[in-house]
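Let me begin by presenting the structure, written as structure tokens, before commenting on it.
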Amino acid sequence: MARLWALVSTLLGITVIAFFVIRVAPGDPVMMMIGERGADPQQYQEAVSRLGFDKPLIEQYLVFVSRAVQGDFGTSVVSGREVASELLDRWPATIELGLAALLVALLIGVPAGVTAAIHRGSLIDRLLTAGSLVGSSMPSFWLGLLMILIFSVGLNVAPVSGRLDVAFDVSPVTGFMLIDTLLPAARAEYGLRAFIDALHHLLLPTLTICAIPVAVFARMTRASMIEVLSEDYIQTAYAKGLSTTRVICLHALRNALMPIITVIGLFFLSVAIAGAILTETIFGWPGIGSYIVSSVYARDYPVIQGSILVIGVLVILTNGVVDLLYRVANPRMRT
């Protein structure tokens with residue numbers, strides 16, 4: 001019962017923040033929509049009435065909550081489309097970028113942390129530790145611009161923006177470009193060229209986002225592995241004649257990964273979603289991040305409200321999944 005009440009109160013708090021905070025910021029969405037110069041007062045009042053902005057704030061808030069419960073976040077002031085429909089169109093791009101960054105961060109960060117822990121105090125350990133400190137201290141917007149300057153402008157080996165070159169006309173079926181370019185229709189027309197081009201477009205945004213998680217995963221894995229390697233059961237495993245690879249992979253790493261599970265959830269929320277706002281804007285990635293930024297500039301209240309609410313719900317669900325995975329990985333947590 002306590003968890004249910006905490007969930008409901010958190011969701012209500014998110015709706016309050018999503019609705020009222022944006023209205024404190026200066027700017028008039030109706031004026032942005034019809035144009036500030038030469039705006040007809042009658043046309044302005046008609047737009048205000050049509051959008052429901054002439055009603056008291058409390059009434060507007062209750063209407064927003066009642067519709068949001070049904071999955072209706074209203075209509076975008078700028079595009080005139082339903083916010084839920086636009087969010088569904090853009091979520092796959094953000095999720096694809098976040099999952100790619102998460103995969104790369106795990107493939108680099110965890111082995112780096114294990115290597116540093118095994119060679120604790122050596123030159124390899126110091127180099128990896130220094131590298132993780134550098135990676136965690138670089139702002140994503142600065143790193144993104146640096147990536148564009150070096151690999152796009154200087155070396156011309158990666159595109160600057162977008163998800164796919166205009167030469168490839170691939171119909172969005174799943175919304176995940178790496179999947180859509182491998183579907184039979186796209187394969188029949190372009191072979192693997194469209195898939196490779198999608199990978200090229202994904203490369204720089206992925207590297208930009210995963211820089212900080214790689215450093216975090218490496219440092220946490222190193223600290224956790226050092227603690228686990230000092231346990232008695234690890235020494236017992238060595239005494240039984242087990243190989244170093246078997247002891248590290250089957251005994252030490254499994255127990256050392258439990259703190260990483262929590263960090264994975266935090267990464268996907270704070271970096272892959274929140275951090276993607278800057279990265280998507282820099283690289284012109286058509287995901288939720290760039291969508292929120294353009295909506296803030298346009299004072300598009302329904303879009304901002306719906307986006308914040310959906311992200312808040314996603315945060316709650318992800319925390320629940322992380323808690324479940326932690327209990328599965330650590331049987332002691334079940335009691």
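What follows draws every value from the coordinates through simple rules; no lab data is involved. None of the values given here were measured: they were computed from a predicted structure. Here Cβ is always computed from backbone atoms with ideal geometry, including for glycine, and neighbour counts include all displayed protein chains.
Projecting the Cα atoms of VAL160, ALA6, ILE226 onto the dipole axis of the chain, where Lys and Arg carry +1 and Asp and Glu carry -1 at the beta carbon, places ILE226 farthest toward the positive end.
A Gaussian network model of the chain, with springs between Cα atoms under 10 Å, assigns the largest mean-square fluctuation among LEU123, LEU99, LEU253 to LEU123. If R0 is 22 Å, the Cβ-Cβ spacing of VAL166 and SER85 corresponds to a FRET efficiency of close to 0.35.
Relative contact order of the chain: 28 percent, from C-alpha pairs under 8 Å at least 6 residues apart in sequence. For the range 46-134, the relative contact order comes to 10 percent (Cα pairs under 8 Å, sequence separation of at least 6). From most to least packed by mean Cβ count within 10 Å, the peptides 284-291, 140-147 give 284-291, 140-147. Close amide H contacts of THR75 (hydrogens built in the peptide plane, cut-off under 5 Å, sequence separation of 5 or more or a different chain): VAL83. With the simple spin-label model, which puts each label point 7 Å out from Cα in the Cβ direction, the ALA6 to ARG50 separation comes to 4.6 nm.
When each of the peptides 236-248, 305-317 is scored by the mean number of other C-beta atoms lying within 10 Å of its residues, the order from highest to lowest reads 305-317, 236-248. Eigen-decomposition of the gyration tensor built on the alpha-carbon atoms of the chain gives equivalent ellipsoid semi-axes of 43, 27, 18 angstrom, largest listed first.
Dividing the summed -39500 (n - 2.57) terms of all DSSP H runs of n ≥ 4 by the residue count of the chain sets its mean residue ellipticity at 222 nm at -22500 deg cm²/dmol.
Its alpha carbons considered, the range 152-301 gives a radius of gyration followed by a Dmax of 21.5, 67 Å. Expressed in Å, the radius of gyration and Dmax of the Cα atoms of the range 51-141 are 23.4, 68.
The residues SER294, SER76, when put in order of fewest to most other Cβ atoms within 10 Å, stand as SER294, SER76.
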